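Novice: Got a structure here, written out as structure tokens. Questions coming.
All of the numbers you see were taken from the coordinates with simple rules; none came from a lab. Computed from a predicted model, the values in this text were never measured in an experiment. With ideal geometry, Cβ positions are generated from the backbone for all residues, glycine too; neighbour counts draw on all protein chains shown.
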Amino acid sequence: MKNLESEKHLLYAVRIILERQEIDNIWESHKWIINDLIPLEVSGGLGYPPINDVRIYPLINDVKKEDGLNKNLYFAEASIDLHHAESEGYAENLQSSDPSVYIVLRDGDLFDGNDPAEKNKQDQNIDIHLAEVSLSPYHIQDYEDCGEDRVEKIPLYGPIAELLEKFVEFHFHPEEFKKRKRDKKDIDQNTRRGGDARLNIKKTYN
């Protein structure tokens, strides 16, 4: 597809790699961190928003690293929604001191227990799922205000950043500030009336 940035709506498919790290904490046994984000492909959105409420699946389990620690890797695939109506938010992201991809994690696996095939894929270590991936800080603000989900940020760079820059350049046209000019007719009429009489009062002091 040529001139992707000229499309009003794009879906950028990505694969997100997560790591489940064991921690020494009396309240929590582990934490989830974003290990990587891999760009896949871009397609026209055709007006439909992506469904990003998706499951996380095991990628590599119990692989010994050189330091002897276990590294449990998982992945989820979703789409970043790029819509021309959100271009101001994208511009704000690009102009910030730390341009980011925002990833929203939500508690609970999406396994419903009714599909035997899915049951075989179920991993008892998975207790979250992917709720959203976004490039708009305005959009992600709703999640932060709610406070029920975890919002992770990773640096925005590479092909996703390059496409976003072109997309913003094509679709974002900030309104130029124009200084309001007073109507000359009104000024002349006010002058003929003598202006505000209170301004013409001369005070005398003894």
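Novice: In which sequence would Ser100, Ser6 go, from the one with the fewest C-beta neighbours within 10 Å to the one with the most? Could you put the intermediate results ahead of the total?
Specialist: Details: Ser100 18, Ser6 11.
Fewest-to-most ranking of Ser100, Ser6: Ser6, Ser100.
Novice: Lys and Arg at +1, Asp and Glu at -1: add these up for the other residues within a Cβ distance under 13 Å of Ile51 and post the number.
Specialist: On the way: positive: Arg55; negative: Asp53, Glu77, Asp81, Glu132.
With Lys, Arg at +1 and Asp, Glu at -1, the net is -3.
Novice: Another one. Ranking Ile103, Ile51 by Cβ neighbours within 10 Å, fewest first, what do you get?
Specialist: Values: Ile103 25, Ile51 8.
With the sparsest Cβ surroundings first, the list reads Ile51, Ile103.
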